[in-house]
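J.: Once you've had a glance at the structure underneath, I'll fire off some questions.
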Amino acid sequence: MPTIFSHIIQKNFSAQYEDVATDALAYLIKSSPGAHRGMMKLLRGLLPGLVPELPELRFKTQQAAQKEEGTIRPDMWGFAESGTRVFVENKFWAGLTDNQPVAYLEELAKCAQPSILLVVAPKAREHTLWSELQRRLHREDIKVSHDPSAARICASVTTQHGSILALTTWENVLSALEDETVGEQLVRADLDQLRALCDAADSDAFTPVSGEELSNQRTPALILQMSSIVNAAFQQAKSKGILNNDGLLPQRDEERIGRYARFGRGKEQKLPIAWIGIHFRLWRKHGRTPLWVVYHEDAGGQARVAEAQLASWASAKKVLALNDEDGRHVVALDIPAHEEEPRVVEAIVDRLQEMFDCFNANQISKPPDSSNE
């Protein structure tokens, strides 16, 4: 149920959801012995029986640590007498920064052990965010061992550095604090306020837009850049015989901007028709990238065939590929960060080439439905 607190934040400070929620959580843990106890139980539940127990911690927000490559600024720090032991990174819908999680884990590796990086996120983002965290560890070749299930922890691994990376939800954190604050009426009222804020942030309801967001020219610039990249990648892929658009038209609506294409040089290839472009709803739901390849089961796309042909490749390459509730098979086109446009276009064309190779490895006998042509 919305509260005055959540209403004010949603109306006037929606861009600061994470900062406000972090400050509220830190205040509760600092001011309430029960809330502090609940947070410590949640963190200690991550430690295997043979690992020394995590000492009592005090928590601070928005502390900065200087590294050779730059500054990291976790949302919350947990300190003991021996120094830093825990980073808590609170997320709603903001993406991971370039430093997350690797630079945070490397910093924790310098501390007394055990040390923990706990990422808190909405339940709706649990699986996609954990997938992205794992992908970043894999990209940096950081070895991990998967930990046993812990109470109210969605997933956790112990890294080769010794530090633990774990993911939980706002619901789990708030429930852990509520369990230890029975009888603390004022604290429970504050927890209700924070829960309402988290529910509002997790909602698909309309969020009032700030003047800063409306005048931020970086947003349309990014969309225009993505459109340019899609067009350039399509033209390169077409010239290489990876894609063709014979008889197929661009398609856009309120959710997406892109075009249909076949893999291969002509209709005779009998490979699935795919839609390729910027998909706003998939971008919003899964994060990771604005660019997607979408196969429709009912429009010549043969979603299930595409899924079967691409499954082994997607698993080996750590590509986000999944079936959605609309019967589509969707594949993320990851964009390399901090690269010039030619390198970004090359990376997308390389991924399309890999998908084409998968289809060519076992030609599909059923021709695409011609209803879209």
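J.: Taking the range 325-343 only, how many residues are over 20 Å from the mean Cα position of the chain (by Cα) and either part of a helix (DSSP H, G or I) or under 19 Å from GLY95 (Cβ atoms) (or both)?
T.: Adding up the residues that qualify gives 4.
J.: Please enumerate the residues belonging to the range 212-230 that are among the hydroxyl-bearing types (Ser, Thr, Tyr) and in a helix (DSSP H, G or I).
T.: THR219, SER227, SER228
J.: Among (1) within 21 Å of ALA103 (Cβ to Cβ); (2) surrounded by fewer than 21 Cβ atoms within 10 Å (Cβ to Cβ); (3) not aromatic (Phe, Trp, Tyr), where does SER163 come up short?
T.: Here SER163 clears every test but (2).
J.: Which pairs turn up if I take residues in the range 180-203 that are under 21 Å from LYS91 (Cβ atoms) and look for partners that are of a type in the set (Val, Ile, Thr) and buried (at least 19 other Cβ atoms within 10 Å of the Cβ) with beta carbon separation below 6 Å, at least 6 apart in sequence or on another chain?
T.: Close Cβ pairs satisfying both conditions: LEU197/ILE9.
J.: Could you tell me which residue of the range 97-113 is surrounded by the most Cβ atoms within 10 Å (Cβ to Cβ), considering only residues that are touching a Lys or Arg at 6+ places or on another chain (Cβ under 9 Å) and assigned to a helix (DSSP H, G or I)?
T.: Step by step, filter the range 97-113, then rank; the result is LEU108.
J.: Same structure, new question: Output the number of residues of the range 114-161 satisfying the condition of being free of Cβ contacts under 8 Å to residues at least 24 places away in the same chain and in a strand (DSSP E or B).
T.: So the answer is 5.
J.: Every residue in the range 290-313 that is under 23 Å from GLU126 (Cα atoms) and surrounded by fewer than 19 Cβ atoms within 10 Å (Cβ to Cβ), please.
T.: Correct list: ALA311 only.
J.: Then there's this: What is the one condition in (1) surrounded by 18 or more Cβ atoms within 10 Å (Cβ to Cβ); (2) not in a helix (DSSP H, G or I) that ALA94 does not satisfy?
T.: Result: ALA94 passes all but (1).
J.: Next question, about the same structure. Pairs, please: C-beta under 6 Å, at least 6 apart or cross-chain, first residue surrounded by fewer than 19 Cβ atoms within 10 Å (Cβ to Cβ) and in the range 249-266, second in a strand (DSSP E or B) and β-branched (Val, Ile, Thr)?
T.: Hits for this filter: ILE257/ILE278.
J.: Going through the range 78-91 one residue at a time, which ones are in a loop (DSSP other than H, G, I, E, B) and buried (at least 18 other Cβ atoms within 10 Å of the Cβ)?
T.: Scanning the range 78-91 gives a single hit, LYS91.
A short reminder: the numbers here are calculations on the coordinates, not readings from a lab. As the structure is a prediction and not an experimental result, all values here were calculated from the model. Neighbour counts are summed over all protein chains in view; Cβ atoms, including those assigned to glycine, are modelled from backbone coordinates with ideal geometry.
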